[in-house]
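Asks: Sending over a structure as structure tokens; questions will come in a sec.
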Amino acid sequence: MKEFPGPDARMWLAKNKKYYATNTQTSLIVPDEEKSHLSVIVDVDGFQFIDLKCGAGVSNLGHQHKSTNIRHFEHHDGPVPSAIEFAEILAETAPVKKPAKVFFCNSGAEANEAARKACQAFRFHDGERYSRNKAIYCVNGFAGRTMGVLSATTSKAKVQRDPFITDEELARSIYIPYPTKENSRQIIDTLRGLDLRWVDRNLIELFCQGEGGIIPADEETVRYLYDELQKMGIFWITDAVQCGMGRTGSLFGYDFSWLESDLLTMGKALGDGLPIGAVIFNANLDWRPGEHSNTFGGNPTVMRAGISAFFEIKRLVESGEVKKVEQVLRDWLHFFAAGHRDLITEVRGIGAMWAVEFATPEMRNRFREVAENMTVSHGMGLALLGCGEKAVRIMPPLNIGLVELKAAMYLFGLALEDLSRVTS
């Protein structure tokens, strides 16, 4: 007689225990993502089951219905092979203290919330719930718009944070400057004035602050901050939601051997446009059964897209393609800044993540209008996004062709000429 679970399922279950965060899973069914159909689940060893749970109400049309052909297995329900495979890839390669585990969710904001919950659960079980209940965030940071991360979202605090946050949450939040070279002395002075014994965690975007204005960090200043917080037992959370997946020229936002995060959060490009978030964390911070879970984390459709995107971006990073994009942007944008000192006050960036700061917010907004409207006059315009108070961010696809990128820079220059004429 055959034994359930079978040998393939046992292999996936063992990997799941090693690499995936503890959640609400109790089932031993490891579904075959291709063979399961409508109301019948087929597992990886060929065992069949009539589905009477539907992923807690997710797959009301069953599995791979012809109207969508979507694989509906949810990782909270039982182990999903593609989620375990992706978790293993991230746990083994991310610059996180080993051994590492992974929790998948649906966005960067949800990933940052999960990271906070992991830290707080650890303190609760360690008897430090009330003695270590503060957090350190960077001024002008952005961690998402949900309640659990609002305290870390201050790039436009008056509209993003202040209408929603409680006084109690604000009292537990400590704000420090982003660790640039210019802010190093202020960071040193700020830390010396704090009683770090009360602090649970630090959340920081690395190696560049995004929504706050594309502000690259200074390695020496980050290292000082990291060393000071780590020796006080403060959990270090790296937010690589926007910086990760090759954007700064590395897969996880940074490539420094001395920096091992306790937790690292990802999202955005991790799923190549599909909704995804991930927390990669030291296994000592894992939850206990039932403490954290979700519905759509580990969905096979998203996981397979994530695995494909990961290896394609890894190829672009390792082949030097991102460095080529960086060089083109660096050279052209600094050239424009030198020729338009009346319009541009600063150019800054790293990898394929750059910002051009204008003299006023109105000038920035007008430039975006001019750049978009060039599609009428020149047959091609520029799609740009603002950041900070008066900057535009330049973040092209990592695989953009150099001819196309240089054409974009040519149009950027023409838009600056037009702006110069209308503002003079």
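Here, each number is a calculation from the coordinates, and none is a lab measurement. Computed from a predicted structure; not experimentally measured. So basically every Cβ, Gly included, is an ideal-geometry build from the backbone, and we count neighbours across all protein chains shown.
Asks: Roughly what % antiparallel, to the nearest 5, for the DSSP beta bridges in segment 81-318?
Replies: Restricted to segment 81-318, the bridges split so that about 45 percent are antiparallel.
Asks: Calculate the spin-label point distance for Gln186 paired with Arg330, positioning each point 7 Å from the Cα along the beta-carbon direction, and give it in nanometres.
Replies: 2.6
Asks: Just in segment 136-208: which chymotrypsin sites (Phe, Trp or Tyr not before Pro) are loop by DSSP and have at most 15 other Cβ atoms within 10 Å?
Replies: Those satisfying the criteria are Phe164.
Asks: The chain: Rg/Rh from Cα coordinates, Kirkwood Rh?
Replies: 1.01
Asks: Still on this structure, please answer the following. Counting other C-beta atoms within 10 Å, and keeping those with at most 13, which DSSP coil chymotrypsin sites (Phe, Trp or Tyr not before Pro) do you find in segment 213-279?
Replies: Trp258
Asks: Now for a different question. What is the angle, in °, between the Cα long axis of helix 402-423 and the longest principal axis of the Cα atoms in the chain? Nearest 10 is fine, range 0 to 90.
Replies: Once rounded, one gets 50 degrees.
Asks: A further question on this structure: About the Cα centre of the chain, what is the dipole size in debye to 20, counting +1 per Lys and Arg Cβ and -1 per Asp and Glu Cβ, all else neutral? It would help to have the intermediate numbers written out before the result.
Replies: On the way: 48 positive and 54 negative charges, 57 e Å.
So the magnitude is around 280 debye.
Asks: Quick one: which of Lys97/Lys134; Lys156/Lys314; Lys17/Lys231; Lys35/Lys97 span more than 27 angstrom between C-alpha atoms?
Replies: Correct reply: Lys156/Lys314; Lys17/Lys231; Lys35/Lys97.
Asks: Right, here's the next one. Relative contact order for the chain using alpha-carbon pairs under 8 Å, separation at least 6, rounded to a whole percent?
Replies: This gives 17 percent for the chain.
Asks: Let me ask something else. Listed highest first by mean packing, meaning other Cβ atoms within 10 Å per residue, what order do 114-122, 286-294 come in?
Replies: 114-122, 286-294
Asks: Taking the Cβ of each residue in Ile214, Ile29 as the centre, tally the other Cβ atoms inside 10 Å and list the residues starting with the fewest.
Replies: Details: Ile214 25, Ile29 20.
The fewest-first ordering by Cβ neighbours comes to Ile29, Ile214.
Asks: So, one more: Kindly express, to the nearest 10 degrees and within the range 0 to 90, the angle between helix 361-377's C-alpha long axis and the longest C-alpha principal axis of the chain.
Replies: Once rounded, the angle reads 80 degrees.
Asks: With label points built 7 Å along Cα→Cβ from the Cα atoms of Thr93 and Val40, find their separation and express it in nm.
Replies: A separation of 3.7 nm, rounded to one decimal place.
Asks: I'd like the antiparallel share, as a percent to the nearest 5, of DSSP beta bridges with both residues in the chain.
Replies: 65
Asks: What is the distance, in nm, between label points placed 7 Å from the Cα along the Cα-to-Cβ direction at Arg10 and at Lys53?
Replies: Result: 2.1 nm between the two label points.
Asks: Quick one: go through segment 124-147 and flag any residue whose amide nitrogen is under 19 Å from the point 7 Å out along the Cα-to-Cβ line of Trp198.
Replies: Within reach of a label on Trp198, which here means backbone N under 19 Å from a point 7 Å along Cα→Cβ, segment 124-147 contributes 124, 127-139.
Asks: Shifting gears a bit: Restricting to bridges with both residues inside segment 83-217, how much of the DSSP beta-bridge set is antiparallel, in percent to the nearest 5?
Replies: Within segment 83-217, antiparallel bridges account for around 20 percent of the total.
Asks: For helix 300-318, report the angle its Cα long axis makes with the longest principal axis of the Cα atoms of the chain; keep it between 0 and 90° and round to the nearest 10°.
Replies: Approximately 50 degrees, to the nearest ten.
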